Amino acid sequence: MTDTPTVRKRRVGRILRELRERAGLSHTDVAGRIASSTTVISRIESGQNTIVLRHVHDLLDIYGAPDDLRDQVLDLIKEAERPRYWQPFARHLPKVQRTYLSLESEASLLCGIDTHAFHPLLQTTDYARAVLAANWRVGTDDTRREQLLALGVARQDLIGRTEDPLGVSLFVDESVLRRPIGGIDVLREQLHHVQALVESPHIDIRVVPNKVGLHPGIDGPFTLLHFDEPDMEVGYVPHRDGCLYLQRSRELDELGRRLDTLAGLAFPASATAGFIGYLLGEIG
């Protein structure tokens, strides 16, 4: 997936498609009336095209859209085009990561498992700095590293904001809680941070204990993003050379099954704070 539509563009496309079908018009009928091509109409309806406001106004006129629906579409376009928190850092980010951050910022619920390090949304600054220091893609560019740290702080507003925060439901391999990334002092601070986060009603973190052995996340982390938009989910699987985006029903169902299996193996969410307290007692 090289050009993932944002959720709001997809909503605009869905509304326009429904209006076209209700009007009994084909892509060919519409393309001729706005001096465009069937490919452009198809890409607008799938949320793939950059929105040309003139085209949208023309389409709404052709379909005889009622005023309330017209206003809804235009509001969605304004929202889709507004600047995102990550855009000041865009030059430091590959396109695939910009795509993911756009999707994450529009999601209502983030589910997944972390097997190597805590999820960036959960990281303290010192922990994040240590993770970046070990990332070969970042290299030794201190300016870029500090910009990525600042991006991480801005990103965490998704779960820290008081109005409509992003819901989080994550499994964490026990080894992550024991791995002293950045040293024991950094790990201690990180554990205290997570211990505080799990008190938030929209954050659910469950530990997959080492004693279960192999489990569906053992091959590496993955994320499943849910949206308010009906029938839209996106899977995200990072790997050494980039990432995979999953959108096919079969792929998403497989991620869902993995999460269901992990739910049967992990400690209950109510035990997370206590288990972290136990680990903090171990490291002193």
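Here, each number is a calculation from the coordinates, and none is a lab measurement. Source: prediction; values computed, not measured. Quick reminder, even Gly has a Cβ in these numbers, built from the backbone with ideal geometry, and neighbours come from all protein chains shown.
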Between Rg and the Kirkwood Rh of the stretch 184-284, both from Cα atoms, what is the Rg to Rh ratio?
1.02
Taking all pairs of distinct alpha-carbon atoms in the stretch 7-81, Kirkwood radius in angstrom:
12.0 Å
For the stretch 19-32, in residue order, the Karplus 3J(HN,Hα) values (coefficients 6.51, -1.76, 1.60; θ = phi - 60°; whole Hz; Gly and Pro = x) are 5, 5, 5, 5, 7, x, 10, 9, 4, 5, 4, 6, 4, x
Using r as the Cβ-Cβ distance of residue 95 and residue 162, and R0 as 25 Å, what FRET efficiency do you calculate, to the nearest 0.05?
0.20
A convex hull over the alpha carbons of the stretch 34-179 yields, per residue, a volume in Å³ of 153 Å³
Please list the non-local residues whose amide H lies under 5 Å from the amide H of residue 167, H modeled 1.01 Å from N, same-chain partners needing a gap of 5 or more.
109, 110
Under-5 Å amide H pairs with residue 222, H placed in peptide plane, nonlocal only
113
Give the range of the longest stretch in the chain that excludes all trypsin sites (Lys or Arg not before Pro) found in loop regions by DSSP and having at most 12 other beta-carbon atoms within 10 Å.
1-136
At 7 Å along Cα-to-Cβ for each site, give me the label-to-label distance between residue 28 and residue 69 in nm.
2.4 nm
Can you tell me the length gained on complete extension of the stretch residue 267 to residue 52, counting 0.36 nm per residue apart and subtracting the Cα distance?
72.4 nm
In order through the stretch 79-85: 3J(HN,Hα) via Karplus (6.51 cos²θ - 1.76 cosθ + 1.60), integer Hz, x for Gly, Pro
5, 5, 8, 5, x, 9, 4
Using alpha carbon centroids, what distance separates the stretch 166-182 and the stretch 41-63, in Å?
43 Å
Let me make sure I get this right: for the stretch 40-83, a, b and c are the square roots of the gyration tensor eigenvalues over alpha carbons, sorted descending. Under 1.5 in a/c it's rounded, otherwise prolate if a/b > b/c, else oblate. Which is it?
oblate
Counting all Cα-Cα pairs in the stretch 135-201, those more than 15 Å apart amount in percent to 68 percent
Across the stretch 100-105, in residue order, what do the Karplus-derived ³J(HN,Hα) couplings come to in whole Hz, using 6.51 cos²θ - 1.76 cosθ + 1.60 with θ = phi - 60° and x for Gly and Pro?
5, 4, 4, 5, 4, 5
Packing-based exposure ordering (other Cβ within 10 Å, fewest first) of 262, 132:
132, 262
Give the residue list of chymotrypsin sites (Phe, Trp or Tyr not before Pro) in the stretch 161-265 that are DSSP loop and have at most 10 other beta-carbon atoms within 10 angstrom.
none
Using only Cα atoms, figure out Rg for the stretch 90-283 and give it as a multiple of 2.2 N^0.38 Å.
1.00
Report the calculated FRET efficiency for residue 240 and residue 82 (r = Cβ-Cβ distance, R0 = 30 Å), to the nearest 0.05.
0.35
